[in-house]
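Each remark here refers to the structure printed beneath this line.
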Amino acid sequence: MITSIKGKLVFKGVNDVVIEVSGIGYSVYVSKRVMENLPELNEEFYISTLLDVKENSLTLYGFHNEREREIFKLLVTVNGISAKSAHTILSHASFEDIIGLITSKDSFAVKIPGIGSRKIEMISLALKDKIFKITETGGAGAQYLPLSGGNEQARLEALHALMNLGYSRNDGEKIIREVLKSAPCIEFTTEELIRKSLDFIS
């Protein structure tokens, strides 16, 4: 499995790049965030990747970070969403946009070619529980944020989302606390709090 590539950027396409490593050019289909942060041609470039293996093809997909790769892996578990469709989503929507599609009641704010409202609803239904589910260990159950005021449910759901993206409970609580401290008079919705938290750690 090819999990990352480090080499010279030799080509920029609409949503793909070619990275040369030891004389071999690797074609990689990349996300919107990657395209927005590409270096100049012939400069060294590192990218996190995932190799999609089909009977008649091998396709490399590239991501801005591990979180994007995890979202891609979740998207392809949805019935009717292929690796190509998942790439189309990531090439038109940022990581934060996709989290919004999954968690928001307004699931149609981002327009993605070839991905209609029915598929967006299907993605939201299929992945919302996976984003928020927490595996409880040790029999103690989930511990809640020691914060007061504001929207308690939004804080809990945002914490669940951060933990399912790989952050520890302590780190998630610290991030959310800092976001809330930065705007003490605002009562954030779940989507807004997740977006602000992701902005804070990006």
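The values are calculated or read from the model by the stated rules, or taken from the named source; none is laboratory data. Not measured: the values here are computed from a predicted model. Neighbour counts are summed over all protein chains in view; Cβ atoms, including those assigned to glycine, are modelled from backbone coordinates with ideal geometry.
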Given the residues 202, 182, 197, which is the only one that is more than 23 Å from residue 76 (Cα to Cα), exposed (fewer than 13 other Cβ atoms within 10 Å of the Cβ), modelled with pLDDT of 80 or more and not charged (D, E, K, R)? 182
Flag if residue 133 is surrounded by fewer than 20 Cβ atoms within 10 Å (Cβ to Cβ), within 17 Å of the chain's Cα centre (by Cα), at pLDDT 80 or above and within 26 Å of residue 173 (Cα to Cα): no
Restricting to the stretch 54-75, what's the tally of residues that are in contact with a strand residue (DSSP E or B) (Cβ under 8 Å, 6 or more places away or on another chain) and either surrounded by fewer than 16 Cβ atoms within 10 Å (Cβ to Cβ) or not hydrophobic (A, V, I, L, M, F, W, C) (or both)? 10
Taking the options 101, 9, 90, 60, name whichever one is in contact with a Ser or Thr (Cβ under 6 Å, 6 or more places away or on another chain), assigned to a strand (DSSP E or B) and either outside the structural domain of residue 190 (by TED's automatic domain parsing) or not charged (D, E, K, R) (or both). 60
Right, residue 11: surrounded by fewer than 18 Cβ atoms within 10 Å (Cβ to Cβ), among the hydrophobic types (A, V, I, L, M, F, W, C) and over 19 Å from residue 95 (Cβ atoms) or not? yes
Among the candidates 187, 152, 191, single out the residue that is more than 23 Å from residue 70 (Cβ to Cβ) and either touching a Gly at 6+ places or on another chain (Cβ under 7 Å) or at pLDDT 85 or above (or both). 187
I need the full set of residues from the stretch 40-57 which are assigned to a loop (DSSP other than H, G, I, E, B) and modelled with pLDDT of 95 or more, in order please. 40, 41, 42, 43
